[in-house]
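Derivation of every value follows stated rules applied to the coordinates shown; laboratory data play no part. Worth saying up front: this structure is predicted, and the values here are computed from it rather than measured. Heads up, the Cβs are rebuilt from the backbone with ideal geometry, glycines too, and the neighbour counts pull from every protein chain shown.
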Amino acid sequence: MTEKFDVNSWLKTYRDAFAPAQRAQAEGFKAFERFARHQYAVAGDYLELSLHAAKVALAVKTGDDFAAAQRELGSEFSTKLQKHAAELATIATETQNSLTGVFAEAADSVAAPARKKAA
């Protein structure tokens with residue numbers, strides 16, 4: 001009575017056991033990529049602000065013109081930062097929702113077989 005070792009069933013069990021972790025990792029990488037792209041956009045806006053501020057400093061003749069130009073640049077930059085803050089909140093909310101779904105599916109995949117065995 002020798003029992004054969006079934007590699008396919010062992011691999012299926014392994015895949016099923018680690019599928020939730022793999023999905024969570026994929027969602028985490030997606031979130032990290034979105035966050036990195038967002039930060040890259042924010043850094044680009046800071047660079048643009050510094051370039052425009054340098055151009056304004058070299059181009060204006062009077063202090064009043066300089067102050068008005070700086071005020072305008074600050075207003076534009078503030079609007080961009082508010083937009084980026086809203087985008088960051090959206091990214092955080094969507095990421096939290098997707099990871100919550102992944103963890104709920106993982107918990108259900110563990111709890112469902114346990115309920116069947118208990119019944």
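Comparing A43, A111, A26 along the charge dipole axis of the chain, the residue lying farthest to the positive side is A111, per the Cβ-charge model.
Listing V110, V7 from fewest to most neighbouring C-beta atoms within 10 Å gives V7, V110. In terms of overall dimensions, the C-alpha atoms belonging to the chain reach 98, 30, 9 Å along their principal axes, ordered largest to smallest.
Exposed loop sites are taken as trypsin sites (Lys or Arg not before Pro) in a DSSP loop (any state but H, G, I, E or B) with at most 11 other beta carbon atoms within 10 Å; the longest stretch of the chain without one runs 62-119.
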